[in-house]
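Scroll down for the structure; my scribbles are underneath it.
The values are calculated or read from the model by the stated rules, or taken from the named source; none is laboratory data. Values in this document were obtained by computation on a predicted structure and should not be read as measured data. A quick note on method: Cβ atoms are made from the backbone with ideal geometry, for glycine too, and the neighbour counts reach across all protein chains shown. When the accessible area is computed, the model is the full protein with side chains, heavy atoms only, and any ligands, DNA or RNA have been set aside. Shrake-Rupley method; radii C 1.70, N 1.55, O 1.52, S 1.80 Å.
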Amino acid sequence: MSGLLNVLSRTLLDMTNEAKGEGRMTNDQAIAASDLIDNPSPRCACMVVLDTSGSMSGQPIRELNDGLQRFLESLNRNEVAACSVEVGVITAGQQVDVVLPFVSAMNVDGFQRFDASGPTPLGAAVELALDTLEKRKGEYRKTGVAYYQPWLVVISDGAPTDHWQSAAQRAKTLSGNRKMVALAVGVQGADMQVLGEFSNRPAIPLDGLKFGEFFEWLSASMSRVSASASTASRVDLPPMDSWANI
């Protein structure tokens, strides 16, 4: 046991030094690194990419903020999910921002509500999301922490305003090869065809502004995944009729 702890401690030290060497070590990253040592639960990483462009201003952005808060609260009501599900949030608006770096749901200490402004750099945001997921999977492997197939969730009410094709193809390939679950959700006004290019499945239209219902569903889905018998198990997800316009 002491040998294993020594290995894990050295791995954590390596990860910390690596991050410091890249000049990107933050308190959130330090928490994410040490959490892999303190909490050995299998992980299910869920990266959420949100369109926060100007067209989302007003009620849509308020509902989106409230929905994300419900997501985090719902995860924390489930003890297994709170330990296993890691949430990251990236916004695509005036600029691409990491609003919430990857951290276990139980360690999320709130988030700064985001505003809506600017264009929709969805390609850059998804590219960053995929890079972040790959890096996190590497950290799981280094520390010997098992992990489920990660999720990428993309929500938009429009179409990308940057060069998105490469990021979309990358996400579609990963999901097609069952390396990742990619879920694209379109708010009214979204270009569903373009949004569907970010997954191996068609984009799903949101019914009105039911962000809260969607995030409750996402929390229930994450809870089922984190409670499954093994990281290779197939999981039946809850029905989408509470939020999807299908």
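Under a 5 Å amide H cut-off, with hydrogens placed 1.01 Å from N, Val181 pairs with Trp151, Leu152 among residues at least 5 apart or on other chains. Taking a ≥ b ≥ c as the square roots of the eigenvalues of the Cα gyration tensor of region 92-191, is the shape rounded (a/c under 1.5), prolate (a/b larger than b/c) or oblate? Cα axes put region 92-191 in the oblate bin. Shape class of region 103-155 from the Cα gyration tensor (axes a ≥ b ≥ c, square roots of the eigenvalues): oblate, since a/c reaches 1.5 or more and a/b does not exceed b/c.
For the chain, carbon and sulfur atoms together expose 49% of the accessible surface, with a 1.4 angstrom probe and every protein chain in place. Note on Arg178 and Ser34: the model spin-label points, each 7 Å out from Cα along the C-beta direction, lie 3.9 nm apart. Along its first, second and third principal axes, ordered by size, the chain spans 57, 38, 33 Å in Cα coordinates. Can you give the relative contact order of the chain as a percent, counting alpha carbon pairs under 8 Å and 6+ residues apart? Once divided by the residue count of the chain, the mean separation gives 22 percent. Treating r as the C-beta distance of Ala229 and Gln94 and R0 as 30 Å, the FRET efficiency rounds to 0.10. Accessible area per residue for the chain, computed on protein heavy atoms with a 1.4 Å probe, is 46 Å². When all alpha carbon pairs of region 56-148 are counted in 5 Å bins from zero, the resulting P(r) reads 3, 12, 20, 21, 21, 14, 7, 3, 0 %. Shape analysis of region 140-246 places it in the oblate category; the axes a ≥ b ≥ c from the Cα gyration tensor give an a/c of at least 1.5, with a/b not above b/c.
Each label point was placed 7 Å from the Cα along the Cα-to-Cβ direction; for Thr161 and Ala146 their separation is 4.6 nm. Model label sites at Glu73 and Asp236, defined 7 Å from Cα along the beta-carbon direction, differ in position by 3.0 nm.
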